Structure formats: structure tokens, C-alpha cells
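This report refers to the structure that appears directly beneath it.
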Amino acid sequence: MKKLSWLEAIGNAKGGVKHCTVLPTEEDVAVNLARWVADLSAKTISEKGYFSVVLSGGTLINTLRKLTESPYKESVNWWRWLVFWADERVVPLDYPFSNYLLAWNDFLSKVPIPKTSTYHINYNASAEHVAKNYETLLRELVEDKFLPLSPTGFPQFDLMLLGIGPDGTVGSLFPNRPQRYDVTDWSQVLPTRQRNRPRESP
């Protein structure tokens, strides 16, 4: 029997309903994820006119590759997407460790999402200022009714795509870090450790 090594987990934040599908290969995950994201995008855009998506780094971006191929590249209404990041390193956007660069190289550059709809960090400041500026951006979008507030008082997105590292890391939060229990701040500055070699720029 072939070992099931990949997991696709889908949660409905509004209703609290969770659905978990175990798939045999990474390719199966990519195919099913593309279909599911495309369907959710179409449904959400038809209801409110736009689709807010949160990305992270790591292998997650490569798993989105099927969305850059037919039929999704032509059928998804990319012009209605708003793209955010769950976590990012305070480095220039073209730096090898940038999550934005990873997303740009493997996903964003291959679909027609307007650059004005990708909300990356402004890295020309201290980490504290960068985090505060991103929080200010989110608060402005909430005030302008582009992002609703969740029942817990945080911005609510239509889709958050987060990978889980082998050490339990989610969005740069390690299981034992106190920040994962913070229920007040919209942004955090975390010390990082480089566990991987830099990704090469194009």
C-alpha cells in the first residue's frame, strides 16, 4: 500500500466547518488545490466583487503551479484578486530570502494579477516600522470595507494558504513561541534563523 504523504486541509473560518482530504502525491494536491481555489475565487467574486488571498513561503507557492496553467490561467478572474502575505523577511523584494520574490517567480509573474493588488511590505525601515506599516495598511483596508473583521477582531480574508514546516512552523510562528497566543496585535516582529540556502534570483 502506498504511503499517503501529502495532506490538503481546508477550513471554513466563517462556519467553523473543517474538511480534511488526504491525497497520495504532491501532484494530486496541486491539481485538487487549483480546482478548489478557482471555484472559491469564482464564488467569492460573484458575491462581493473581489477575492482576498494570503500567501506564505516555502513549498506552498510551487503547489499553486496548476493555477498558472490552462484552464485556470484563462478562466480565473485574476484582476479581482487582492494578495497579502502572512509572513515576510525584512529584506529587499529581490533578495533571495524574500517570500515576495518566491511568489513572484513561481506564481504572480505567470498570472495577470495587477501589481497594485499585491500588498507586499515596504522594507525600507526597521523591522518594527515595517510591521507597523503593514498593520496600518490592513486597518485602512478594514476601514474602507475591503476586509471585514472576524469575530475575534482581526482582518478576515477569503483564503489563507499556509504551509506547515516539519518543525510545526506556520507563518514563521514556532509552536513554542508566545506570539502564537497573541490575540491583540495585528503584526509581530520575530527573530529568524536561516535554515535553508538562499533561493537564487532570476
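The values are calculated or read from the model by the stated rules, or taken from the named source; none is laboratory data. Computed from a predicted model, the values in this text were never measured in an experiment. Ideal geometry is used to build each Cβ from the backbone, glycine not excepted, and the neighbour counts take in all protein chains shown.
Before moving on, here are some points about what is shown:
- Filter result for the condition that a residue is out of contact with any strand residue (DSSP E or B) (no Cβ under 8 Å at 6 or more places or on another chain), aliphatic (A, V, I, L, M) and either modelled with pLDDT of 95 or more or under 27 Å from P166 (Cα atoms) (or both), over V53, V76, V17: V76
- In the range 83-115, the residues that are more than 18 Å from L138 (Cα to Cα), of a type outside the set (K, R) and not in a loop (DSSP other than H, G, I, E, B): N99, L101, L102, A103, W104, N105, D106, L108, S109
- Within the range 37-66, the residues that satisfy the criterion of being under 20 Å from A86 (Cα atoms) and assigned to a helix (DSSP H, G or I) are V37, L40, S41, L60, I61, N62, T63, R65.
- Search result, residues across the range 112-159 that are more than 16 Å from Y100 (Cα to Cα), among the hydroxyl-bearing types (S, T, Y) and modelled with pLDDT of 90 or more: T136
- Residues in the range 111-122 that are surrounded by fewer than 18 Cβ atoms within 10 Å (Cβ to Cβ) and over 14 Å from the mean Cα position of the chain (by Cα) were compared, and the one that is nearest to P92 (Cα to Cα) is N122.
- Those residues of the range 79-110 which are modelled with pLDDT of 95 or more, of a type in the set (F, W, Y) and surrounded by fewer than 19 Cβ atoms within 10 Å (Cβ to Cβ), in sequence order: W79
- Just one of the listed residues (L23, L64, L40, L33) is in contact (Cβ under 8 Å) with a residue 60 or more places away in the chain and more than 22 Å from F146 (Cβ to Cβ), namely L64.
- Residues of the range 67-82 satisfying the condition of being assigned to a helix (DSSP H, G or I) and charged (D, E, K, R): K73, E74, R80
- Pairs with Cβ under 7 Å, 6+ apart, first in the range 123-144 and at negative phi and surrounded by 12 or more Cβ atoms within 10 Å (Cβ to Cβ), second hydrophobic (A, V, I, L, M, F, W, C) and in a helix (DSSP H, G or I): Y123/V130
- Here the range 40-54 is the region considered, the condition is being of a type outside the set (G, A, S) and closer than 25 Å to E26 by Cβ, and the residue that is surrounded by the most Cβ atoms within 10 Å (Cβ to Cβ) is F51.
- Just one residue in the set L102, L82 is out of contact with any Pro (no Cβ under 6 Å at 6 or more places or on another chain) and under 20 Å from L147 (Cα atoms); that residue is L82.
- Matching residues, the range 55-77, being of a type in the set (S, T, N, Q), touching a Gly at 6+ places or on another chain (Cβ under 7 Å) and surrounded by fewer than 19 Cβ atoms within 10 Å (Cβ to Cβ): T59
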